[in-house]
1. Starting from the stretch 28-67, pick out the trypsin sites (Lys or Arg not before Pro) whose DSSP state is loop and whose Cβ has at most 16 other Cβ atoms within 10 Å.
2. Can you give me the long-range amide H partners of Ala205? Hydrogens built in the peptide plane at 1.01 Å from N, cutoff under 5 Å, separation of 5 or more residues or another chain.
3. How high is the relative contact order of the stretch 163-225? Use alpha-carbon pairs under 8 Å, at least six apart in sequence, and give a whole percent.
4. Please tell me the relative contact order of the stretch 200-284 in percent, rounded to the nearest whole number, where contacts are Cα pairs under 8 Å and at least six residues apart.
5. Evaluate E = 1/(1 + (r/R0)^6) for Ser267 and Arg308, where r is the Cβ-Cβ distance and R0 equals 41 Å; express this FRET efficiency to the nearest 0.05.
6. Cut-off 11 Å, label point 7 angstrom out along Cα-to-Cβ of Leu169: give me the residues of the stretch 199-233 whose amide nitrogen falls inside.
7. What fraction of the Cα pairs in the stretch 155-270, stated in percent, has a spacing above 26 angstrom?
8. How much net charge surrounds Gly268 when only other residues with a Cβ under 15 Å from its Cβ are counted (Lys, Arg +1; Asp, Glu -1)?
Amino acid sequence: MKSDRLLSILLFLQTRGRVPARELADRLEVSVRTVYRDVESLSAAGVPVYAERGRHGGIALLPGYRTDVTGLTADEARALFVLATGSTHADLGLDGALGSALHKVMAALPAPHRPAAEATSRRILVDPVRWLSGPGGGHEGADVGELQAAVFTDRRLRLRYRHGGQEQLRTYTVDPYGLVAKAGVWYLVADRRARPRLFRADRMAAVTVTADAVRRRAGVELADAWEVLRREVEERPADLRVTATVRRSRLDLFLRILGPLLAAPPSGDDPAVVELRLPELRAARSLLSFGADVEVLSPEEVRADLARVAAATAELYGGRAAAP
């Protein structure tokens, strides 16, 4: 619609200053002639916009003119730019609309709030899709607010970090890209020795901001580094084949949670027989959440591991008197 196009021109000029007519035409996917007609319409509506022709010309607003979004605090402006991963909006067909909307909001923000809002959009991502398995936390870890502040300093960070299944702390010096909330679990995405790495916030015993400026790879943003790391985790070879039975009354729930790991459609009546492809032995422990409704038939090493975990859990709770 023309009204949307006029608003887009106005807000884009407010953000960029003088812009060549050809650049506006390409961005709006219209002809240069249409852009000049839109400029005339804005001028007729009282907007102080003008066009300068020539090699160094362009379209601009008179200095000092701006539209504004009033009432937004700095934290509110930053909150608007905490973005979900691109696939979330693409699934809804809204990826193009998201970029357009954020461009309009950025242009309308009070100038003092723009740097923080832009930094937030580049340093924080939300990915709502849960990973099926992964090492658990079990420790309090770093405060996410303090970790965010450290990331925004654009300095190298020194981490005291505990890997899954280990108690020993290790020290890493890293170059942070930003933070990702993966289904409620916070991760630091950073380079270590120019290679992307993933660090869980709940495994960080200490985070120190160093005096050294961050050394990110040229042209790489948080979303780029996260995509590489996400694929490494999700596309890890699933070499462990597990056969199990599932009670029919729980099969729908089982398939909603573990459906992507099925090696073949379920067979049999009640219980149904399923075959899963898992990346590692520990991933099968998620089956314990179904209790006696799921029984692993093979391989024996998985049955033995689940039996050990179940026995340890039973001993933990059976060996203590119930609280009054």
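1. Numbers: sites: Arg33, Arg37, Arg53, Arg55, Arg66; in loops: Arg53, Arg55, Arg66.
For trypsin sites (Lys or Arg not before Pro) across the stretch 28-67 that sit outside H, G, I, E and B with at most 16 neighbouring Cβ atoms in 10 Å, the list reads Arg53, Arg55, Arg66.
2. Arg160, Tyr161, Arg162
3. On the way: 71 pairs, mean separation 18.5, N = 63.
So the answer I get is 29 percent.
4. Values: 69 pairs, mean separation 25.5, N = 85.
RCO, the stretch 200-284: 30 percent.
5. Values: r = 29 Å, r/R0 = 0.70.
Efficiency, rounded to the nearest 0.05: 0.90.
6. Only 204-208 pass the distance filter.
7. Numbers: 2661 of 6670 pairs.
Tail of P(r) above 26 Å: 40 percent of Cα pairs.
8. Numbers: positive: Arg247, Arg248, Arg250; negative: Asp269, Asp270, Glu275, Asp293, Glu295.
Around Gly268, the surrounding residues sum to -2.
The values are calculated or read from the model by the stated rules, or taken from the named source; none is laboratory data. Quick caveat: nothing in here was measured; it's all calculated off a predicted structure. Please note: Cβ atoms are built from the backbone with ideal geometry, for glycine as well, and neighbour counts cover all protein chains shown. Please note that ligands, DNA and RNA were not included when accessible areas were found on the heavy atoms of the full protein model with its side chains. Shrake-Rupley method; radii C 1.70, N 1.55, O 1.52, S 1.80 Å.
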